[in-house]
Structure formats: C-alpha cells, structure tokens
1. Scan the range 301-311 residue by residue and report those that are assigned to a loop (DSSP other than H, G, I, E, B) and closer than 13 Å to residue 333 by Cα.
2. Identify the residue in the range 301-322 that is within 11 Å of residue 273 (Cβ to Cβ) and in contact (Cβ under 8 Å) with a residue 24 or more places away in the chain and, among all such residues, is surrounded by the fewest Cβ atoms within 10 Å (Cβ to Cβ).
3. Considering only the range 242-264, state which residues are more than 17 Å from the chain's Cα centre (by Cα) and part of a loop (DSSP other than H, G, I, E, B).
4. Filter the range 128-162 for residues that are in a strand (DSSP E or B) and closer than 13 Å to residue 235 by Cβ; which is farthest from the chain's Cα centre (by Cα)?
5. Within the range 256-285, how many residues turn out to be free of Cβ contacts under 8 Å to residues at least 24 places away in the same chain and in contact with a helix residue (DSSP H, G or I) (Cβ under 7 Å, 6 or more places away or on another chain)?
6. Only one of 179, 238, 221 is free of Cβ contacts under 8 Å to residues at least 40 places away in the same chain, part of a strand (DSSP E or B), over 30 Å from residue 297 (Cβ atoms) and not assigned by TED's automatic domain parsing to the domain that holds residue 294; which?
7. Restricting the search to the range 287-300, which residues are surrounded by 10 or more Cβ atoms within 10 Å (Cβ to Cβ) and either part of a strand (DSSP E or B) or touching a strand residue (DSSP E or B) at 6+ places or on another chain (Cβ under 8 Å) (or both)?
C-alpha cells in the first residue's frame, strides 16, 4: 500500500511549496535522531524525509498525485529511498538534504558551507572603578589594556611580502571545495570550506617573522575613556573599534567599559539623589540658624528652622546627580542629627538647669509622651 506523503507531513493535497517547507522544518526538528532519543524517531525521520523529497519536487509530486507512487525503478523519479543500513551519525547532513529539497540554507543551523574570510577581531570588556565625583560631574580617564593589534611589519597580511601570498592550489582561490557523495536520495554534490586555506582562497608561502603569519601582535595600549556626567554603577560604555584587531586586516572588535561607582565616605547615592547626615548643635536646633554643609561640588549654606528635631530631613534642590544626557538634576537630602553636649563645666550645667526651669514643661518631651499614653490606655 502506497504511503500518504501528505498525511506524513500533515499538510493538505493543495498545500503550497512553502507549506510543505514549513511542515518539514517543524517535523524534521522534532524527530531528528540527535534531538529525539525515542527508539521510533529514526524511522519516523526517514519517513518525513522521504515525503519531503517527493512533495518538494514538482515532477515527482505530479507523478505521485497521478499514480500514487514514484517507485519506477532505480533510475526513476523515486530512486534512492532505500534507508536500510543508513547511519545517521556518520552520513547524515540535514543541511545538504534541506538544500536539495528546497534550496537555500538549512533552518537548523547544523552546518554552514559558506566561504569563510578572516575573522573579525574579538570584543573586549574592561571593568573600571570611578569616584562618585567623576560619575556626577563627568571625567576623562585613561586605562591600559593588553590586546591584539594589527602587525606593523606586514600590515596585517601575515605574509613576509606580497609575493608570499599565493592562490590556494587546493580550491583554486574559490575558498570552497566540491565533493560528490551518495546519500539515501541519490548522488549529491556538496560544497564546503576548503581545508587547505580555510575558506580564504589564499595561502601564505612565507609568513611574517613578527606575527608568524597571524597578522596580529599583542601589545599594551593606553586608551582614554570619557565618563559622561550622571552615569550609574553598571553603566556600559561602548568604544567602537577599540577591541582586538581582526585576522589579516579584517574589522576590529569593540571595547566595552563597565563602570563601577566606588562607595563615598560622606554621600550615599540613591538614583539621582544624594543623602548625608550633618550634626548640628543643640542651640542651633532650638533657635534655628544657618549651617555649612558639604555638597558634591563644594560647600553650601543650609537654613535650620527653629525647633528642629534630630533626624529631620532637609531638601537641597538641584544639588544631586544630573540625569544622563539631560539638563535635569537630582536633589540632596540632609538628615540633621542634633548633637548633645558632653563634659559640661559647673557653670554651664547651672545655666542649663536655669534654662530648663525657665522652659518648664516645654523642655520635657517625656511628660508629653506619658500624657499621650494615659489618653490611650486609661
């Protein structure tokens, strides 16, 4: 009994080539023996490939639709579907089979047969610590990094001279090697990267003595990094083409600088606002007055209102951290901590006692607290 290839792929008889292509892609990925370890997956996968080989070919599909089969002998349209003894591990290449059915490249990414040129230089990462002041105001810093750079001796070619660069005798400069292989679907001609020149189409007969043919040498390089105002810890700066040089003149990679803001001895940063504690005298807290407080840019005057309690928070607008790439600036918050005088002499103690007597109940927060407790529980 002939197989129903449309049923195998799960498509209708009027399915387009794109429908068949999508169905094959989904099922082949599901039942590929390297991905599906069930014992029946290999047999199911053979069946899927057999169906796709017929329905993806207009001539074979037309004959299948008319006669219900394509098995006309070894040289007929259905030749090559004997999967017996086929070893998936050693013979199977889904890239080639997909291309033979539909053209283009495989959707599974198992292999690429494109010509490979010299590789782009690697990207580099550098973790840099900066002071809070530099993060707030911006700064230019210098860092030293080891990296591969283009060899000055050969200009990155890797060759001792231009005449040392020869056309690859293996592929004739194409960078690709062609081979013919027998598969379950017949003979397939495949193209892959040339093993002699590794896809470059050229070989170096006499390599450069300085870089030994790589076109690159390792050097220590000092690079300037512009830290913009307002950056936060964890900000990554991209320095284009400051990474490693590519192979044999190919493009240079990038340098990524990750910033880490050092803890400050006075300020605590919260977003774009700054926080700090400032001690004030008992007298200033009671009577009020101006005190000098530090800011990230220097010093400023802060007015303390009369009767200020310890841990009161004052806001200094615009004294915080600027927003990155913006004209807006955060604020500074000052927590006032009232300082209790110590080691008073006898005269000072007497004066303070007189002061307390003069104030009476006004100086006793304990009495006010007890009165509130009585109101609640009595």
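The values are calculated or read from the model by the stated rules, or taken from the named source; none is laboratory data. For clarity, every value in this text was computed on a predicted model and none was experimentally measured. Ideal geometry is used to build each Cβ from the backbone, glycine not excepted, and the neighbour counts take in all protein chains shown.
1. Listed by number, the list holds a single entry, 311.
2. The selected residue is 319.
3. 242, 244, 245, 246, 250, 251, 252, 262, 263, 264
4. Filtering first and then ranking leaves 130.
5. 0
6. Among 179, 238, 221, only 179 is free of Cβ contacts under 8 Å to residues at least 40 places away in the same chain, part of a strand (DSSP E or B), over 30 Å from residue 297 (Cβ atoms) and not assigned by TED's automatic domain parsing to the domain that holds residue 294.
7. Answer for the range 287-300, where residues must be surrounded by 10 or more Cβ atoms within 10 Å (Cβ to Cβ) and either part of a strand (DSSP E or B) or touching a strand residue (DSSP E or B) at 6+ places or on another chain (Cβ under 8 Å) (or both): 288, 289, 290, 291, 293, 294, 295, 296, 300.
Per-residue answers, yes or no, for (1) surrounded by fewer than 17 Cβ atoms within 10 Å (Cβ to Cβ); (2) more than 18 Å from residue 322 (Cα to Cα):
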position	(1), (2)
209	yes, yes
217	no, yes
240	yes, yes
260	yes, no
265	yes, yes
275	yes, no
280	no, yes
